[in-house]
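Engineer: Structure incoming, see below.
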Amino acid sequence: MERIYLDNNATTIVDPKVKDAMEPFFSQMYGNPNSLHNFGIEIRPYMRIALDRLYAGINAKESDDIVINSCATEGNNTVIKGVYYEVIRNTGKNGIVTTQVEHPCVINSCKFLETLGVKVIYLPVNSEGIVDADILREHIHPDRTALVSIMWANNETGLVFPIHELATLCREKGILFHTDAVQAIGKVEVDVQDVPVDFLTFSAHKFHGPKGVGSLFMREGVNIPPLLHGGEQMGGKRAGTVNTAGLIGMGYAMELAIQHLKYENTEVRRLRDKLEDAILSIRDVLVIGRRELRTPNTILAAFKGVEGEALIWDLNQRGIATSTGSACASESLEPNPTFVAMHISSELAHTGIRLSLSRFTTEEEVDLTILAIRNTVERLRSISMKNRSARSGDTQRLERKSKGNM
Amino acid sequence: MAKSDLIGGALWEQYSSKVNERMSNPSYMGDITEEEAKKLGGKLIVADYGAEVCGDAIRLYWIVDPKTDKILASRYKTFGCGTAIASSDVMAEMCVGRTVDEALKITNLDVERALRDDENKSAIPPQKMHCSVMAYDVIKKAASLYKGVDVTSLEEEDIVCECARVPLRTIKEVIRLNDLKTVEEITNFTKAGAFCKSCVQPGGHEKRRYYLVDILNEVRQEMENEKVAKGLETKDFSLMNLIQKHKSVEQVLNEKVRPSLLKEGGNLEVVDMKEQDGMQ
């Protein structure tokens, strides 16, 4: 069966070009880049090229650091725990401000610091699903806040947060600002000279690079201790032999992501919009978040009367991979925290499914998906009792809110 | 933690092929109309049940022969995950041909067992057991409608863990008989708390009337009190522990000494007790 992959916010296909570029670094140029001999020497120019591509990709200065690590989870842990050791333990600042919709690696790192006495504020999102500058302004204070950590774009909704405004606000108050840019790279322009962030993290596998490698950008002059202690790799900022093949793959994946940024915002967006329009033509459907505020590849849709896990199970039977925030699909049976934070009613919190495209998604795949969704929603609604208009021909629709409380 | 826990996300791989089959091709799904009921000469029962926290809901349709109480036809509609659909489908099938009282004996455990491929292997992963409970609750609702009685009158006893259907009485018994000291031990003995974990302590997936932590505390306290009381009964002061000795001294003071002191406007208080040889 042909398979269709629409779960690109979870991970992406490694671009075959990226894979080819990595190939020589497994069995030919396998030296340790820290070695003095030729096996080490021959690796370093390639590492430099990869770093150049990463620096160019986010427009970092030569004097800034981009520390290569294993993933954004590691980078986020490094920042949050590093700020604890460097700032919170040494100054009177005892507060971290983050949001209720961050990735678990940020939320759970903060929860861990709470056990050590750190005061953490988890900001809610507004009715549009966005963390706005007004609420941040109310909760930060130069004497108390050691760090603000807010994601660039949300993984569930695709909503892009006003990072420029948020980071500028923190810069003005002299507060360190971190952003998890995992869902932003390759989808929106990320320029660290334009946006005054102090820390920025991402993973290669979200933009067609390999899994197990990521980056932590640290602006010049910002100092935190390493999370992993050991050798002198990465200038002592992250010990452990560098994943050379991974770094080379990530560098090339970044260059390709930047090259395709326009394509992502025209072609991928067009396909996403086509899929979204088709979904909205089904009755009693809600798509979360205004289209123009989202990354160009993401749709979070709720089909009234259709439980999320049942829907993605059905789509999977038809060869289509999607994901759900439905409580029934989680270990704990608890609804997705992003849904809860967005005040989405409990019924809708059980009906949300996420479709995320990539530059590898084809028009044919989108057309097949549209058909499959129509059929599967119809099938599941015929089973569902929460389908008040199925038989009566009632055409009343849920208001398709472009914003507001869901 | 163990090797098997290192790779997560195995939810769907744990569904039996019968669960998969029922999800793809549910055969008892649908509704029943008054006309159909008339045609079969039975009474139409339509029962709704919803698990609020889950957002899951089910509507069960029965045609019941009023002379024999036999369920002639059974269908359902459900809003729920795949496991809920599969459970509902098997449940509806199991109702057909039984009397209402017989149907009342069907539990979520029977439904889960019917979905197994291998009788020794669970049909669904532990946390999804919760999704099958709805199938049991709606039968009770339908039966109460048919009998015209309140649904609570059909509750045989207080159920602490709905997933594993463990009643309060059983839990209290195993704690006493086996001198259990932890909730994990209760779970190992009874399976209560092994599935959705709502009944372990407050703050879980669903609000419950009873929690294992409270029951354990309560029974342990009872057992402790009984021990003390037993100690008092022995009247052999030298065999008592310090608390029992203290209590028995207090008891003697209360019965023999304090009343006369109070009469004179006085009182006394035991400040401390020290054990010395020969104290009796």
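The values are calculated or read from the model by the stated rules, or taken from the named source; none is laboratory data. Source: prediction; values computed, not measured. Quick reminder, even Gly has a Cβ in these numbers, built from the backbone with ideal geometry, and neighbours come from all protein chains shown. Quick note on the areas: whole protein, heavy atoms, side chains included, nothing else; ligands and nucleic acids left out. Shrake-Rupley method; radii C 1.70, N 1.55, O 1.52, S 1.80 Å.
Engineer: Quick one: Karplus J couplings for the stretch A:11-17, per residue in order, coefficients 6.51, -1.76, 1.60, θ = phi - 60°, nearest Hz, x for Gly and Pro?
Structural biologist: Karplus values, whole Hz, x for Gly and Pro: 6, 10, 5, 6, 4, x, 5.
Engineer: Using the basic label-point model (7 angstrom from Cα toward the beta carbon), what is the B:Ile243 to A:Leu368 distance in nanometres?
Structural biologist: Calculated label separation equals 6.9 nm.
Engineer: Rg to Rh for chain A: what is it, with Cα atoms only and Rh by Kirkwood?
Structural biologist: Values: Rg = 22.2 Å, Rh = 22.3 Å.
Checking Rg against Rh, the ratio lands at 0.99.
Engineer: On C-alpha positions alone, give me the angle between the axis of helix A:269-280 and the longest principal axis of chain A, in degrees, nearest 10.
Structural biologist: Approximately 30 degrees, to the nearest 10.
Engineer: In Å², what does the accessible area per residue of the stretch A:137-249 work out to with a 1.4 Å probe? The partial results should precede the final answer.
Structural biologist: On the way: 3790 Å² over 113 residues.
That works out to 34 Å² per residue.
Engineer: Under the rule of at least 5 residues apart or a separate chain, name every residue whose amide H is placed under 5 Å from the amide H of B:His205.
Structural biologist: Answer set, sorted by chain and number: B:Ser198.
Engineer: Positive end of the dipole of the stretch A:132-249, charges at C-beta (+1 Lys, Arg; -1 Asp, Glu), about the Cα centre: which of A:Thr244, A:Ala133, A:Val197 has its Cα farthest in that direction?
Structural biologist: Going by the charge dipole, the pick is A:Thr244.
Engineer: How much of the accessible area of the protein assembly as shown, in percent, comes from carbon and sulfur atoms when a 1.4 Å probe is used?
Structural biologist: Answer for the protein assembly as shown: carbon and sulfur cover 51 percent of the accessible area.
Engineer: Okay, next question. Calculate the dipole size of chain A relative to its Cα centre from +1 charges on Lys and Arg beta carbons and -1 charges on Asp and Glu beta carbons; express the result in debye to the nearest 20.
Structural biologist: So the dipole magnitude of chain A works out to roughly 580 debye.
Engineer: For chain A, the longest stretch holding no trypsin sites (Lys or Arg not before Pro) located in a DSSP loop with at most 11 other Cβ atoms within 10 Å is which?
Structural biologist: The answer is A:62-390.
Engineer: Each label point is 7 Å from the Cα along the Cα-to-Cβ direction; what then is the distance between the points at B:Arg113 and A:Phe360, in nm?
Structural biologist: Inter-label distance under the simple model: 4.7 nm.
Engineer: Also: Keeping every protein chain present and rolling a 1.4 Å probe, give me the accessible area per residue for the stretch A:1-135 in Å².
Structural biologist: Roughly 49 Å² per residue, with all protein chains present.
Engineer: Could you pull out every residue, at least 5 positions away or on a different chain, whose amide H is within less than 5 Å of the one on A:Ile320? Hs are placed 1.01 Å off N in the peptide plane, and Pro or chain starts have none.
Structural biologist: Correct list: A:Ile4.
Engineer: Take every DSSP beta bridge whose two residues both sit in chain A, then give the antiparallel share in percent to the nearest 5.
Structural biologist: Percentage antiparallel, nearest 5: 55.
Engineer: Longest span of chain B, sites excluded, free of trypsin sites (Lys or Arg not before Pro) in DSSP loop with at most 12 other C-beta atoms within 10 Å?
Structural biologist: B:1-66
Engineer: Now a separate question. If you place +1 on the Cβ of every Lys and Arg and -1 on the Cβ of every Asp and Glu, how big does the dipole about the Cα centre of the protein assembly as shown come out, in debye to the nearest 20?
Structural biologist: Dipole of the protein assembly as shown, to the nearest 20 debye: 620 debye.
Engineer: Taking the Cα centroid of the stretch A:124-168 and of the stretch A:35-96, what is the distance between the two, rounded to the nearest whole Å?
Structural biologist: 23
Engineer: Shifting gears a bit: Taking the 0 to 90 degree range and rounding to the nearest ten, how far is the long axis of helix A:163-173 tilted relative to the main principal axis of chain A, both from C-alpha atoms?
Structural biologist: So the inclination is approximately 50 degrees.
Engineer: Counting alpha carbon pairs within less than 8 Å and at least 6 residues apart, what relative contact order, in whole percent, applies to chain A?
Structural biologist: Once divided by the residue count of chain A, the mean separation gives 21 percent.
Engineer: Please check which bits of the stretch A:17-38 a label hung off A:Ala56 would reach, taking the label as a point 7 Å along Cα-to-C-beta and the cut-off as backbone N under 18 Å.
Structural biologist: Within reach of a label on A:Ala56, which here means backbone N under 18 Å from a point 7 Å along Cα→Cβ, the stretch A:17-38 contributes A:17-19, A:21-22.
Engineer: In addition: Over the protein assembly as shown, what is the percentage of antiparallel beta bridges among all DSSP beta bridges, to the nearest 5?
Structural biologist: Counting only bridges with both partners in the protein assembly as shown, antiparallel ones make up about 70 percent.
Engineer: For the stretch B:102-202, what does the relative contact order come out to in percent, with C-alpha contacts under 8 Å and a separation of six or more?
Structural biologist: It comes to 26 percent, rounded to a whole number.
Engineer: Same structure again: So what are the ³J(HN,Hα) numbers for the stretch A:283-297, from phi and the Karplus equation (6.51, -1.76, 1.60; θ = phi - 60°), rounded to whole Hz, Gly and Pro as x?
Structural biologist: 6, 6, 10, 10, 10, 7, x, 5, 4, 6, 9, 9, 4, x, 10
Engineer: I would also like to ask the following. Mind giving me the FRET efficiency for A:Glu292 and B:Ala10? R0 is 45 Å, r the Cβ-Cβ distance, nearest 0.05 is fine. Display every interim value, and only then the final one.
Structural biologist: Working: r = 39 Å, r/R0 = 0.86.
For R0 = 45 Å, the calculated efficiency reads 0.70.
Engineer: Excluding ligands, DNA and RNA, what is the accessible area buried between chains A and B, summed over both sides, using a 1.4 Å probe, to the nearest 100 Å²? Please report the intermediate quantities before stating the final value.
Structural biologist: Working: alone 17710 and 16740 Å², together 32030 Å².
The summed interface area works out to 2400 Å².
Engineer: Could I have the simple spin-label model distance between B:Asn25 and A:Tyr85, label points 7 Å from Cα toward Cβ, reported in nm to one decimal?
Structural biologist: 6.0
Engineer: I'd like the Karplus ³J(HN,Hα) series for the stretch B:248-264: coefficients 6.51, -1.76, 1.60, θ = phi - 60°, whole numbers in Hz, and an x wherever there's a Gly or Pro.
Structural biologist: For the stretch B:248-264, the Karplus-derived couplings read 5, 4, 4, 4, 5, 4, 4, 7, 9, 9, 4, x, 6, 5, 4, 4, 8 Hz, x marking Gly and Pro.
Engineer: Other chains' Cβ within 10 Å of B:57-64 residues: what's the mean? Walk me through the numbers on the way to the answer.
Structural biologist: Working: counts 6, 1, 3, 1, 0, 0, 0, 0.
Whole-number average of other-chain Cβ neighbours for B:57-64 is 1.
Engineer: Rounded to the nearest 0.05, what FRET efficiency do A:Thr266 and A:Glu378 give with R0 = 41 Å and r taken as the Cβ-Cβ distance? Could you check? Spell out each step's value before the answer.
Structural biologist: Details: r = 32 Å, r/R0 = 0.78.
So, using R0 = 41 Å, E works out to roughly 0.80.
Engineer: Per residue of A:378-385, how many C-beta atoms from partner chains lie within 10 Å of its own C-beta, taken as a mean?
Structural biologist: Mean number of neighbouring Cβ atoms from other chains: 6.
Engineer: Here is a follow-up. Which residues' amide hydrogens lie under 5 Å from the amide hydrogen of A:Val120, considering only partners 5 or more residues apart or on another chain, with H built in the peptide plane?
Structural biologist: Answer set, sorted by chain and number: A:Ile96.
Engineer: Rounding to the nearest 20 debye, state how big the charge dipole of the stretch A:1-118 is about its Cα centre with +1 on each Lys and Arg Cβ and -1 on each Asp and Glu Cβ. Could you put the intermediate results ahead of the total?
Structural biologist: Values: 11 positive and 14 negative charges, 55 e Å.
In total the dipole reaches around 260 debye.
Engineer: Subtracting the Cα-Cα distance from 0.36 nm times the residue separation, let me have the gained length for A:His139 to A:His164 in nm, one decimal.
Structural biologist: 7.2 nm
Engineer: Sticking with this one: For peptide A:306-316, what's the mean number of Cβ atoms from other chains within 10 Å of each residue's Cβ?
Structural biologist: 5
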